[in-house]
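Participant: Before we start, here is the structure in question, set down as structure tokens.
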Amino acid sequence: MKLSGKRALVTGAGQGIGKGCALELARAGADLVINDRPGSEEVEATADEIRAMGRGCQVITANIFERDECERLVSEALEALGRLDILVSNPAASRRCDFLDIKAEDFEFVINGALTSGFHISQLVARDMVKHGGGKIVFISSVHAYMPYGLSASYNAAKAGLNHLAKTIATELTQHRINVNVIEPGWIDTPGERKAFGEERMKQEAANMPWGRLGVPEDIGKAAAFLASDDADYITGSVLRVDGGIVLKDCRAEDLINAAE
């Protein structure tokens, strides 16, 4: 219960990685406000799981792609919890498309959703953390930040920008004892990925992973709970890759030997 007495806000907590982070923070003892988009049916189920652990949890739906909605979310979260010790910023926006064909408005949508929204929510929360003498901010990025996967120009650019934004924020907030770190998930088995790729493809890719499986939201949640705890007091401006070795997949000796044969 290393987060006992801590109060956290997790965005995009209806399913997938955001839900995994919310559940693991709750298991570690935190009380939460969880957010998802307006009309989300999944976020109440996440809240029920958290409450079943004996933790406090309030749901606030808001479109965090918009500044005024972020302002409302943070204001209501502070009203509910009194202060925020932890922020897990997990905005999700991705539209796969060939670079030559992607529409300008789709590119801008992803940049806004996966990068700019992280700026809005973290700035608003950090201002309150300064008043209370510290806090923990964790951004959910991706290995796409430096792996230029095709059909993902906007998402790759957004996550690369998010990493650099987080490091810059970390630099400026050291004087306020606010730890700012990044988690880079690899391929995580989420409802969104299953919808995009199908179960059969997911099984095939899992077998080819160095760890013999795809990641699960719990893997990312445990990393977030660590970075939000006092155990990570001396860690700021860091990027923690939680990917089961996906970036090493094509570097293994056995793969190179098999390819040569």
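Participant: What pairs come out if I take residues in segment 180-202 that are in contact (Cβ under 8 Å) with a residue 12 or more places away in the chain and pair them with residues that are among the charged types (D, E, K, R) and in a strand (DSSP E or B) whose C-beta lies under 9 Å away, six or more apart or interchain?
Facilitator: From segment 180-202, the pairs are V180/K136; N181/K136; I183/R241; E184/R241; P185/R241; G186/R241.
Participant: Oh, and also: I'm told R55 meets every condition in (1) in contact with a Gly (Cβ under 8 Å, 6 or more places away or on another chain); (2) under 16 Å from P217 (Cα atoms); (3) part of a loop (DSSP other than H, G, I, E, B); (4) not β-branched (V, I, T) except one. Can you identify the failing condition by its number?
Facilitator: So the condition that R55 fails would be (2).
Participant: I've got another one for you. Return yes when V138 is among the aliphatic types (A, V, I, L, M), crowded, with 22+ Cβ neighbours inside 10 Å and either under 13 Å from the mean Cα position of the chain (by Cα) or closer than 26 Å to L25 by Cα (or both) and no when it is not.
Facilitator: Judged against the criteria, V138 is a match.
Participant: For segment 84-115, what are the residues that are part of a helix (DSSP H, G or I) and either at pLDDT below 95 or aliphatic (A, V, I, L, M) (or both)?
Facilitator: A104, V110, I111, A114, L115
Participant: Looking at A52, A114, A93, which one is within 25 Å of L227 (Cβ to Cβ), in contact with a Phe, Trp or Tyr (Cβ under 7 Å, 6 or more places away or on another chain) and surrounded by fewer than 22 Cβ atoms within 10 Å (Cβ to Cβ)?
Facilitator: A93
Participant: For segment 32-42, check the following and say yes or no: at least one residue is under 18 Å from I140 (Cβ atoms), of a type in the set (D, E), crowded, with 22+ Cβ neighbours inside 10 Å and in contact (Cβ under 8 Å) with a residue 40 or more places away in the chain.
Facilitator: No, there is no match, as no residue in segment 32-42 is under 18 Å from I140 (Cβ atoms), of a type in the set (D, E), crowded, with 22+ Cβ neighbours inside 10 Å and in contact (Cβ under 8 Å) with a residue 40 or more places away in the chain.
Participant: Which residue pairs have Cβ atoms closer than 9 Å, lie 6 or more positions apart in sequence or on different chains, and pair a first residue in segment 52-70 that is closer than 26 Å to L115 by Cα with a second residue that is basic (K, R) and part of a helix (DSSP H, G or I)?
Facilitator: Pairs that qualify, where the first residue is closer than 26 Å to L115 by Cα and the partner is basic (K, R) and part of a helix (DSSP H, G or I), are I60/R72; A62/R72.
Participant: I would also like to ask the following. How many of the residues in segment 204-229 are part of a helix (DSSP H, G or I) and in contact with a Leu (Cβ under 9 Å, 6 or more places away or on another chain)?
Facilitator: The qualifying residues number 10.
The values are calculated or read from the model by the stated rules, or taken from the named source; none is laboratory data. Given the structure is predicted, the values throughout are model-derived calculations rather than measurements. Neighbour counts are summed over all protein chains in view; Cβ atoms, including those assigned to glycine, are modelled from backbone coordinates with ideal geometry.
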